[in-house]
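Only one structure is covered here, and it is reproduced in the block below.
The values are calculated or read from the model by the stated rules, or taken from the named source; none is laboratory data. In this text the structure is predicted, and so the values were computed from the model without any measurement. Neighbour counts run over all protein chains shown; Cβ positions are idealised from the backbone, glycine included. Keep in mind that these areas ignore ligands, DNA and RNA; they rest on the heavy atoms of the full protein, side chains included. Shrake-Rupley method; radii C 1.70, N 1.55, O 1.52, S 1.80 Å.
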Amino acid sequence: GAGVSQSPSNKVTEKGKDVELRCDPISGHTALYWYRQSLGQGLEFLIYFQGNSAPDKSGLPSDRFSAERTGGSVSTLTIQRTQQEDSAVYLCASSSAGGGTQYFGPGTRLTVL
Amino acid sequence: QKEVEQDPGPLSVPEGAIVSLNCTYSNSAFQYFMWYRQYSRKGPELLMYTYSSGNKEDGRFTAQVDKSSKYISLFIRDSQPSDSATYLCAMSAEGSYGKLTFGQGTILTVHP
């Protein structure tokens, strides 16, 4: 079946602009995760949604970052007033249950000029 | 100091070699240990999963966890050029299994 999909695959934006990154998880997966991968920092956890529970936002680096998951499926990660240090690959993953095997999407490569 | 340390390499080996990849960690609450493989411009894919201490073998891959030393390893036997990728260790704690903490990743090249 279809895997995790993310859009756009690449995004170039100017410093100070807002961006929205989209994740479509595997159908039926109740858990959804966002990570950021950058040179020097590796892969960092950002936020985790599990069913109808309150999301674990403990990895969000600042209040400029937010995410929502509508209808228990698609998720959007929003970065407001982007900074150059936000440049990274943003990866989304989903699993059939909290703590189950996480299947990753191909990522969105964000470049902030 | 990062919770999980992994030598970024790069590591270059000839085809057929045995490869050893390692991570150390500082958080004694970690109970779930994973190895992911990531090809260029792709998302990571799960290779091996181990709960607590011990060994696990799957084909050419063996994962070892030594909780007393806070040290995990991945061995690849008879390495192939198709094994060339970045290998990431990841781990999580009981009750927070969804929140993975990753190592930096080791870049591996297997040359024919």
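Values as computed for the structure displayed
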| item | result |
| --- | --- |
| Qualifying position, being open to solvent by 60 Å² or more (accessible area, probe 1.4 Å) and touching a residue at least 12 places away in the same chain (Cβ under 8 Å), among A:Ser27, A:Ser73, A:Ser66 | A:Ser27 |
| Scope the range B:18-32; condition modelled with pLDDT of 95 or more and either out of contact with any helix residue (DSSP H, G or I) (no Cβ under 8 Å at 6 or more places or on another chain) or open to solvent by 50 Å² or more (accessible area, probe 1.4 Å) (or both); matching residues | B:Ile18, B:Ser20, B:Leu21, B:Asn22, B:Cys23, B:Thr24, B:Tyr25, B:Ser26 |
| Filtered residues of the range B:73-103 (kept if modelled with pLDDT of 95 or more, of a type in the set (D, E, K, R) and surrounded by fewer than 17 Cβ atoms within 10 Å (Cβ to Cβ)) | B:Arg77, B:Asp78 |
| Scan of the range B:39-49 for residues that are within 11 Å of the chain's Cα centre (by Cα) and open to solvent by 20 Å² or more (accessible area, probe 1.4 Å), ordered by number | B:Leu46, B:Leu47, B:Tyr49 |
| Lone qualifier among B:Thr62, B:Thr101, B:Thr109 - being among the polar types (S, T, N, Q) and within 14 Å of another protein chain (Cβ to nearest Cβ) | B:Thr101 |
| In the range A:27-65, the residues that are more than 10 Å from every other protein chain (Cβ to nearest Cβ), within 19 Å of A:Ser96 (Cβ to Cβ) and modelled with pLDDT of 95 or more | A:Trp34 |
